[in-house]
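What follows is one structure encoded as structure tokens, with my remarks underneath.
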Amino acid sequence: MLRMEIALFLILAFVAVVYFSAGRKHTTLHKTFSLLLIAMLVHLAFDGATIYTVNHLDTVPLVWNDLLHRFFIGTMVLIVYLFYQYIAILVEEETGKPRRLDLAAKIYLAAAELGAMLLPVHYAVTEQGNYSDGIHASLCYVSVAFYLLLCAGLLLRNWAQIHRKKKFSIGAALVIEIFGAILQGLHHTWLISGMGLTLMTLAFYLTLENPDILRAELTEQKMSMLYLKSQVNPHFLYNTLDTIRIQAQLNDDKPVADLLMRLVDFFRLSVKVDRQMVALDDELELLEAYMELMCYRYPELVCSYDIDPNLGGVLVPNFILQPIVENSLLHGLKNKGYRGQVQITAQKSNRHKNRMEIQVIDTGSGFAEGTKEAIDQMLLHYARQAPKLEGNSIGILNVQKRIKLLCGRDCGLWYTENPAGGVTAHLLLPLNEEEGT
């Protein structure tokens with residue numbers, strides 16, 4: 001049995017090396033899985049040690065046996081708690097529902113860890129092998145059952161709202177651990193609890209946390225972004241060029257040269273796709289070129305900026321502002337004959353630590369009936385939406401997907417309606433400076 005624990009430890013150690021070297025974003029979900037990996041390695045070390053000591057009761061001092069078993073049970077309780085936390089966070093991200101059972105899970109964790117350290121340890125000696133039993137060992141089974149029930153409840157209550165791949169991963173992991181716990185309960189001398197927990201960890205890693213999967217998703221999003229940039233509304237190009245042609249016929253003056261220059265600037269900046277992240281100043285330069293052309297076409301359209309000067313070097317996903325602003329024009333101000341205002345603001349967030357919020361505020365006609373609810377659902381369940389290459393929501397869906405992948409799932413895009421009319425697009429992004437990358 002000891003050889004199996006050593007093999008499991010080496011497998012998870014390899015997984016941990018690959019996982020921690022992948023350069024992931026430090027989201028809550030990934031931090032939880034990181035803690036789970038570390039806790040599993042520590043637990044397998046104690047598991048292997050207790051397998052040896054419990055079968056050498058005549059040579060290993062009882063105090064060492066007791067101490068190792070206490071830490072073995074304590075780390076096991078922590079691991080099944082972390083499994084619950086990981087599943088709860090994943091379900092929260094999928095459904096938008098808050099985690100309501102966290103307090104109960106934490107209270108039980110504290111009580112179980114106290115029990116692991118204080119309850120008496122008893123050992124059963126049999127011809128097939130030795131093992132710990134009694135109230136201390138029962139704590140292990142009760143803890144596994146408690147957290148698995150919490151996880152199963154989360155899965156069943158939110159079954160319809162969870163992505164199919166994630167439902168499969170959670171369900172498979174729960175079945176594996178339930179099956180392992182049943183076998184361990186029926187055959188106490190098998191000592192296979194570590195195998196069940198390791199298989200649960202691998203199930204999550206292979207389906208949800210594999211760096212290769214993340215890289216594939218990023219590649220998919222980059223291709224979507226490239227397509228989006230290559231499909232800049234041809235009417236915008238034709239109408240702008242026609243405006244310049246008419247202006248050239250009527251006025252042989254400097255404004256024509258300025259318009260041509262801004263048009264060149266816009267397309268020069270819009271095809272810079274060599275980096276996923278760019279400085280906010282670069283993103284605003286592209287947006288300014290676009291809006292100057294739009295304001296010239298529509299003289300009653302006004303654009304203003306309120307940008308914190310200290311945020312110019314903050315890295316943001318490439319090409320996220322222009323699609324949002326274009327969406328405001330086409331679905332808000334177009335209905336008002338392009339008469340109104342668009343304001344772009346960028347400030348440090350007062351509600352979120354180490355975050356900034358960019359707002360695109362328009363004075364357009366607002367959402368049509370039922371539109372906001374549809375957009376809210378699309379943005380909330382962005383992971384379940386296939387990347388769009390056509391349709392009105394191509395811009396905002398791709399923006400949401402790239403923010404989530406590049407900046408973390410706690411960042412993203414959402415919309416609110418303005419009291420005086422029009423809508424506001426909110427983008428929550430991390431405060432990561434270009435110099436620090």
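If you take the residues in the range 57-100 that are among the β-branched types (V, I, T) and closer than 20 Å to L155 by Cα, which one is surrounded by the fewest Cβ atoms within 10 Å (Cβ to Cβ)? Here the answer is T95. Summed over the range 146-191, the residues that are open to solvent by less than 40 Å² (accessible area, probe 1.4 Å) and aliphatic (A, V, I, L, M) give a count of 12. Within the range 101-109, is even one residue of a type outside the set (A, V, I, L, M, F, W, C) and either open to solvent by 60 Å² or more (accessible area, probe 1.4 Å) or farther than 30 Å from Q400 by Cα (or both)? Within the range 101-109, one or more residues are of a type outside the set (A, V, I, L, M, F, W, C) and either open to solvent by 60 Å² or more (accessible area, probe 1.4 Å) or farther than 30 Å from Q400 by Cα (or both). For the range 409-437, the set of residues classified as open to solvent by 70 Å² or more (accessible area, probe 1.4 Å) and either modelled with pLDDT of 95 or more or among the aromatic types (F, W, Y) (or both) consists of W414, E417, listed by residue number.
Mind telling me which of the residues P299, P323 ends up being more than 17 Å from T345 (Cβ to Cβ), outside any helix (DSSP H, G or I) and of a type outside the set (A, V, I, L, M)? Criteria check complete, one pass: P299.
Conditions (1) touching a strand residue (DSSP E or B) at 6+ places or on another chain (Cβ under 9 Å); (2) over 30 Å from A383 (Cα atoms), marked per residue:
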{"site": "L68", "(1), (2)": "no, yes"}
{"site": "F72", "(1), (2)": "yes, yes"}
{"site": "L90", "(1), (2)": "no, no"}
{"site": "P98", "(1), (2)": "no, no"}
{"site": "L103", "(1), (2)": "no, no"}
{"site": "A110", "(1), (2)": "no, yes"}
{"site": "S138", "(1), (2)": "no, yes"}
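Looking across the range 114-138 at every residue that is more than 16 Å from L67 (Cβ to Cβ) and more than 44 Å from the chain's Cα centre (by Cα), the one that is surrounded by the most Cβ atoms within 10 Å (Cβ to Cβ) is identified as N130. Of all residues being part of a loop (DSSP other than H, G, I, E, B) and aliphatic (A, V, I, L, M) in the range 56-78, which is farthest from H136 (Cα to Cα)? Just the residue, please. Looking at the filtered set, the residue picked out is V60.
For (1) assigned to a strand (DSSP E or B); (2) out of contact with any Pro (no Cβ under 8 Å at 6 or more places or on another chain); (3) over 13 Å from T416 (Cα atoms); (4) open to solvent by 60 Å² or more (accessible area, probe 1.4 Å), each residue gets a yes or a no:
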residue	(1), (2), (3), (4)
I344	yes, yes, yes, no
N350	no, yes, yes, yes
K353	no, yes, yes, yes
V360	yes, yes, no, no
E369	no, yes, yes, yes
I375	no, yes, no, no
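What pairs come up if the first residue lies in the range 381-403 and is modelled with pLDDT under 80, the second is open to solvent by 10 Å² or more (accessible area, probe 1.4 Å) and β-branched (V, I, T), and their beta carbons are under 7 Å apart, counting only those six or more places apart or on different chains? Every condition considered, the pairs that remain are K388/I394.
The values are calculated or read from the model by the stated rules, or taken from the named source; none is laboratory data. Note that this is a predicted model, so its numbers are computed, not measured. Positions of Cβ are generated from backbone atoms using ideal geometry, with glycine treated the same way; all protein chains shown enter the neighbour counts. Just so you know, the surface numbers come from the protein's heavy atoms only, side chains and all, with ligands and any DNA or RNA stripped out. Shrake-Rupley method; radii C 1.70, N 1.55, O 1.52, S 1.80 Å.
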